Each structure stands twice: as C-alpha cells, then as structure tokens.
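What follows is a single structure, written as structure tokens, with notes after it.
Read-outs throughout are calculated quantities, based only on the coordinates presented, and are distinct from any laboratory measurement. Since we're looking at a predicted model, the values are computed, not measured. Cβ placement follows ideal geometry from the backbone for every residue including glycine, while neighbour counts extend to all protein chains displayed.
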Amino acid sequence: MAKPLLPPAEYYARLPHHLVGAGVVLRDGDGRVLLVQPTYRSDTWEIPGGALEHGEYPWEAAVREAREEIGLTLRSGRLLAVDVLPAQSDGQPPLVNLVFDGGVLTPAKAAAVRPCDEELSAVAWSTPQERTARLAPHMARRIDACLQAAETGQTAYLQYGYPPEDGDG
C-alpha cells in the first residue's frame, strides 16, 4: 500500500532549512575592496550584504543592502561566487552566500561611501593585507575568489571559502 501524500506545508517543513545571503564586492581605482564593520559582530568585517527577505531575489537583496548600509544604488552586477557554509555550533543553519560584482567606483563615489545604517560602525577600503587582517579566513578566501572571478569572467563555487577540489572545504 502506497504512503499517503503529505500536504505541501508538512512536506516542506520536513526539508532542511538554509539561510541565503547576498552581498557585493566593490572596488576602487587602486584595487582595494570595500569592507564594512558590523556593530553586531566583533570578530570580523564583512562586505555589504545580508540575508534575503521573504520573496526577494538575491540580486535584489544585494542592491537593497548596499542602499541601506552604505547609500549606494547599484546597477546590475554579475554573479562572482556562490559560497556554501555548513551549520555552525552557535545554532546558525547552513548558509548559501551569493556574491555579486558591485563594480569599480569612481574616486568621488569611493570617497563618499559612509555607513548609513545602525548595523555598521565603519567602512574601509582595504588592501589584500588589510583584508586578511580584518576578515575571518573563510571570508578572505571568498573575496580572493571573487576578485579572481571578476578578472577571469568565471563564477566561483566555494565550500567555506574553498573550491571543492581543494579538499579543505
């Protein structure tokens, strides 16, 4: 005898739950990357971005977050990387991050970037060495992969900041 079909809501409730985040990599004319310092974390800086709201597409979330956090209105950007993080011991569910190319800002626009949201305490245009010091290791690997993707026209698939063939992700 076949099992009865589950109502859709019950079926979906049984599936794993993942968070989805979207962010943008913004560069200045000197090749530095914009990092933002969140007020809700003391362990790392981040790129502009955040979690998708219900019914929101990833690019829409990235645009909304950039506007809310740093006051920039972005044009359509290419997907640079997808980075999947496992569940964390603090209770955070698995996270799928989509990172888009925010482009290279003119000197005037780059100089005008400021935190526009109470979630941020600072912004910093960061060299590779500064990124390494400010970012969690998996986030530094993600940004490096995004910069390589921007140069090559490829899109990176990452697991905790590593390409799967590295075996460390």
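The table that follows gives values for the structure above.
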quantity: Segment 132-154: number of residues that are more than 14 Å from the chain's Cα centre (by Cα) and of a type in the set (A, V, I, L, M); calculated: 3
quantity: Yes/no for SER89 being free of Cβ contacts under 8 Å to residues at least 12 places away in the same chain and closer than 21 Å to ARG131 by Cα; calculated: no
quantity: Answer from LEU72, LEU80 - the residue that is in a loop (DSSP other than H, G, I, E, B), within 20 Å of GLY29 (Cβ to Cβ) and in contact (Cβ under 8 Å) with a residue 24 or more places away in the chain; calculated: LEU72
quantity: The listed residue being farther than 22 Å from ASP144 by Cα and either of a type outside the set (Asp, Glu) or surrounded by 11 or more Cβ atoms within 10 Å (Cβ to Cβ) (or both), out of ARG32, ARG14; calculated: ARG14
quantity: Options ARG141, ARG131; residue that is free of Cβ contacts under 8 Å to residues at least 24 places away in the same chain and under 18 Å from GLY23 (Cβ atoms); calculated: ARG141
quantity: Cross-chain or 6+ apart pairs with Cβ under 9 Å, segment 48-68 first and closer than 23 Å to VAL123 by Cα, then part of a helix (DSSP H, G or I) and basic (Lys, Arg); calculated: GLY50/ARG64
quantity: Filtered residues of segment 85-121 (kept if part of a strand (DSSP E or B) and surrounded by 16 or more Cβ atoms within 10 Å (Cβ to Cβ)); calculated: LEU85, LEU95, ASN97, LEU98, VAL99, PHE100, ASP101, GLY102, GLY103, LEU120
